[in-house]
Amino acid sequence: MAKQRHFYMIMTIAAMFCACGQRAPQTEGKETTDSIAATVSQDSLMADVGNMVTVETVKFEKNDSSAEVSLLVHWPVSGDKVIVDSLRKHICWLLDGEFDDPKDFQTYGESLFESVSAEWHDVYDEMEPDDRLGAFSRSHDITKLTETASYITYYYSNFMYGGGAHGFTTEVGFTFRKSDGKQIPLLTNTDSPKLSALIKEGVRRHFSGDADHLLSDDELLEYLFAEEVSSLNNIPLPGNSPYLSDTGVVFNYTQYEIAPYSSGIIIFEIPFQDIRPFLTPEALEMIDANRPDMR
């Protein structure tokens, strides 16, 4: 019954994240060693601009035969208070914890490891060794992706494995306006056929790989769920909000959203000059503050 309860718990969490990962679970037969590493180091991801956010890279890793836990967090330590506080609050929300100092992640990592290990023992202690699968895993990567004078984008990647054929992965970006620390809507006119055409070509580029040999419509459909994509000219927007890079708007579809597990996470960027007609005034203001050539 414990194993059945655990299976339903994993499936519930998977449904919340709407994603499935590709990392192979560790096998029981593979030797493992207890290891732990926690480091805090000054990061220099910012350009030479006065209002850039300085971060510290925080790492935690611990594993044994029952559990594997890793954290990688770019923790904001200096910059304008409004954006630093907003980023810190969002990191706390993502991890469902409270952090006032980079060293707090050490305590969080230890607690998470003990929890994951307890889950593994709850499932497998009463099973024969040959019937057990590999260590259960949790990993959280929260990193600064890009920063300009007017906005900053963080990227969150979460992996969890709790038994079964494969684990679950979530990847999503978040763009914050630096003047007030808010996440603002980026898109408008989302029912426009012209935006649908841009999304279709973005999905095509993702699967084509080679820009000189793009897939045909029939070839592209082979990668997608027919029931989710009734027409390639009307691919739905991803559930995750798009985010800004320094050159365009990035779209990210989780696995199983419009395609099967084997198609992976679908991600592509639409350049600013192409997507401008579908950006909100607030988004245009942020972009134009850094790209006067785009006005």
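The values are calculated or read from the model by the stated rules, or taken from the named source; none is laboratory data. Owing to the predicted nature of the structure, the values given are computational and were not obtained by experimental measurement. Every residue, glycine as well, gets a Cβ built from its backbone with ideal geometry; the counts of neighbours run over all protein chains shown. These accessible areas exclude ligands, DNA and RNA; they are computed on the full protein's heavy atoms, side chains included. Shrake-Rupley method; radii C 1.70, N 1.55, O 1.52, S 1.80 Å.
List of remarks:
- Subset of region 188-228 (residues that are among the aliphatic types (A, V, I, L, M) and more than 23 Å from the chain's Cα centre (by Cα)): Leu195, Ala197, Ala211, Leu214, Leu215, Leu220, Leu221, Ala226
- All positions within region 118-139 that are in a loop (DSSP other than H, G, I, E, B), of a type in the set (D, E, K, R) and within 29 Å of Leu71 (Cβ to Cβ): Asp125, Arg132
- Scope region 143-186; condition over 20 Å from the mean Cα position of the chain (by Cα) and at negative phi; matching residues: Thr148, Ala149, Ser150, Ala165, Lys178, Ser179, Asp180
- Residues that are acidic (Asp, Glu) and farther than 14 Å from Val203 by Cα within region 238-280 comprise Asp246, Asp274, listed in sequence order.
- Region 151-171: number of residues that are under 26 Å from Asp246 (Cβ atoms) and open to solvent by less than 20 Å² (accessible area, probe 1.4 Å): 8
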